[in-house]
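Report on the following structure.
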Amino acid sequence: MPYPETIQQQLEQVWRSPDMPVLDKLRKTQFVAHSIPLTADESTRPGEPLISQSPRTIAIHESLQRFMGPDLAGKTALDLGCLEGGLSFELRRAGLTVLGVEGRAENYERCLLIRHYYRALGGLEFAHSDVREFRPARTFDAVVCSGLLYHLDDPAAYIGELGRLTSPGGMLYLDTHVAPEDACLASSEYHAWLSGLKTGTAGGIAIRYREYSEDISLPESSIGNTYSVWMDLNSHLELMFDAGFNRIFELHGYFGAGEQELKQRYCRRYFVALKGTHPPMPQ
Ligand SMILES: C[S@@+](CC[C@H](N)C(=O)[O-])C[C@H]1O[C@@H](n2cnc3c(N)ncnc32)[C@H](O)[C@@H]1O
C-alpha cells in the first residue's frame with residue numbers, strides 16, 4: 001500500500017532515531033493481536049506479519065481510496081473498540097486524522113504508548129470509553145467498526161449510532177460476525193456458544209439473532225455484558241439502511257483460496273456502507 005510520502009518520511013525518522021525509553025517500554029509490553037511497526041525491523045508482536053499486511057487492513061485502505069479518493073489528508077476517522085491501536089495507526093498512516101476509542105483500560109494504555117512513541121506524527125488520539133457511552137458532538141468521514149458490533153448487547157441500536165457518527169458522504173467499514181442460519185450452525189466454530197435463532201424488533205425493524213456467551217476476562221471480549229447478540233445478514237442490512245447508509249458493499253477477495261468456507265466457518269462478513277451519497281431509488 002503506498003502511504004503519503006510525508007507520513008512515511010516521518011515514520012522512518014522515528015525508526016531511525018527512536019525515543020529509546022519509550023521503545024524499551026514497548027519492547028517489554030505484551031501486545032495481544034496488533035503487530036505495529038516500531039522500527040524498520042521490529043514490531044509489537046515480534047515474528048508476526050505486520051498489521052499493514054493483514055487482509056482487513058488492505059481491505060480498509062483500498063475502500064478508503066476507492067470511496068473517498070486518493071488524498072485522505074484532512075479527512076477524519078473513528079476506530080471503535082480499537083484494542084491496542086493497530087488499525088488506528090494504519091488509518092493515520094494512510095493520511096487521516098484518527099480517534100481510536102477503547103473501553104478496556106489495559107488495552108487503552110497500550111494505545112497511549114503507541115501514540116506517545118509516534119507523537120511526531122500527530123493526528124493520532126485515543127479515548128478511554130465504552131462505545132455505548134461515547135457521544136461526540138461531531139461526525140467522522142470514516143468510521144471503522146471492526147470486531148466490535150457482535151460484542152454488544154444491543155447491536156441493533158448501535159447501528160443507529162454508527163449512522164449518527166458517520167458524516168454525510170462518509171464511509172463505514174463494518175467487520176463483524178453474522179448469525180449463521182440453522183443449516184450452517186453445525187459447521188460454525190462458535191456453535192457451542194450460540195443460542196437458537198430468535199426474532200424481535202428494533203426501532204420497528206424486524207430482526208433475527210442469536211445470543212452468544214462472552215468470556216469477559218479476555219482482552220478482546222465485550223465489556224460488562226456476559227452475553228452479546230449476533231444478528232443475521234438481513235437484519236444488519238435493514239438496520240444500516242435505516243441508519244442512513246444507502247449503498248452497502250460486501251467485500252470478497254481478500255482471503256485467498258477457500259475464502260467462502262472460512263467466512264462460513266467463522267460466520268464473518270465485511271461491509272462498506274456509504275452514508276447518503278446517492279439519491280433514494282424510486283419505489
Ligand atoms: C475483537 S477486538 C477488535 C479489535 C480491533 N478493532 C480489531 O479489529 O483488530 C474488540 C475490542 O473492542 C473492545 N470493546 C468491546 N466492547 C467494547 C465497548 N462496549 N466499548 C469499548 N470497547 C469495547 C475490546 O476491549 C477489544 O479491544
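Nothing in this text is a laboratory measurement; each read-out follows from the coordinates by a stated rule. Quick caveat, the model's predicted, so the values are computed rather than measured. All Cβ positions, glycine included, derive from the backbone under ideal geometry; neighbour counts span all protein chains shown.
What ranking do 141, 71, 232 get, fewest neighbouring Cβ atoms within 10 angstrom at the top?
Ascending Cβ contact count within 10 Å gives the list 71, 232, 141.
Looking only at the chain, where both bridge partners belong to it, what percent of the DSSP beta bridges are antiparallel (to the nearest 5)?
DSSP beta bridges in the chain are roughly 55 percent antiparallel.
To the nearest 20 debye, what charge dipole does the chain have about its Cα centre, counting +1 at the Cβ of each Lys and Arg and -1 at the Cβ of each Asp and Glu?
So the dipole magnitude of the chain works out to roughly 480 debye.
Quick one: which of 166-174, 32-40 comes out on top by average Cβ neighbours within 10 Å, and what's the full order, highest first?
Ranking, from highest mean packing down: 166-174, 32-40.
According to a simple spin-label model (label point 7 Å from Cα along Cα-to-Cβ), what is the distance in nm between residue 29 and residue 7?
2.0 nm
Using alpha carbons only, how many angstrom separate the centre of segment 1-45 from the centre of segment 129-202?
Computed from Cα coordinates, the inter-centre distance equals 31 Å.
Could you sort the peptides 123-133, 234-244, 97-107 by per-residue average Cβ neighbour count (10 Å cutoff), highest mean leading?
Per-residue mean Cβ counts within 10 Å order the peptides as 97-107, 234-244, 123-133.
For the residues 254, 209, what sequence is obtained by ranking on other C-beta atoms within 10 Å, fewest first?
Least to most surrounded, the residues fall as 254, 209.
Output ³J(HN,Hα) for segment 230-245: one whole-Hz value per residue in order, computed from phi by the Karplus curve 6.51 cos²θ - 1.76 cosθ + 1.60 with θ = phi - 60°, and x for Gly and Pro.
With coefficients 6.51, -1.76 and 1.60, one gets 10, 8, 7, 4, 4, 4, 4, 5, 4, 5, 5, 4, 5, 7, x, 8 Hz.
Can you list the HN-Hα couplings for segment 215-229, worked out from phi with the Karplus curve (6.51, -1.76, 1.60; θ = phi - 60°), rounded to whole Hz and with x for Gly and Pro?
So the J values, rounded to whole Hz, are 9, 6, 7, 7, x, 10, 9, 6, 10, x, 8, 8, 10, 10, 10.
How large is ³J(HN,Hα), in whole Hz, for each residue of segment 33-40 in order, when computed from phi with the Karplus curve 6.51 cos²θ - 1.76 cosθ + 1.60 and θ = phi - 60°, using x for Gly and Pro?
8, 8, 9, 9, x, 10, 9, 4
Figure the gain on full extension for residue 265 and residue 246 (residue separation times 0.36 nm, minus the Cα-Cα span) and round it to one decimal in nm.
4.0 nm
What would the Debye formula give as log10 I(q)/I(0) at q = 0.14, 0.28 Å⁻¹ for the alpha-carbon point model of segment 194-260, no solvent?
So the normalised log intensities are -0.64, -1.05.
Check residue 146: other-chain or 5+ apart residues with amide H under 5 Å from its amide H, H built from backbone geometry?
Result for residue 146 returns 80, 175.
Cut-off under 27 Å on the C-alpha distance; same-chain residues fewer than 8 positions from residue 75 excluded. Which lysines are left, in chain and number order?
275
Subtracting the Cα-Cα distance from 0.36 nm times the residue separation, let me have the gained length for residue 125 to residue 138 in nm, one decimal.
Answer, rounded to one decimal: 3.2 nm.
Name the long-range amide H neighbours of residue 268: under 5 Å, sequence gap of 5 or more, or other chain; modelled H, no Pro or chain starts.
Result for residue 268 returns 178.
Hey, if you put +1 on the Cβ of every Lys and Arg and -1 on every Asp and Glu Cβ in segment 151-277, which of 239, 255, 216 ends up farthest toward the positive end of that dipole?
239
Out of residues 5 or more away from residue 170 or on other chains, whose amide H comes under 5 Å of its own, with H placed 1.01 Å from N in the peptide plane?
Under 5 Å from the amide H of residue 170: 275.
Would you please state the base-10 log of I(q)/I(0) at q = 0.12, 0.17 1/Å for segment 151-277, with intensities from the Debye formula using one equal scatterer on every alpha carbon?
-0.47, -0.95
How do the peptides 142-148, 154-160 rank, highest first, by the average count of neighbouring beta carbon atoms within 10 Å per residue?
142-148, 154-160
Can you figure out the FRET efficiency of residue 181 with residue 217, using R₀ = 25 Å and their beta-carbon distance, to the nearest 0.05?
For R0 = 25 Å, the calculated efficiency reads 0.25.
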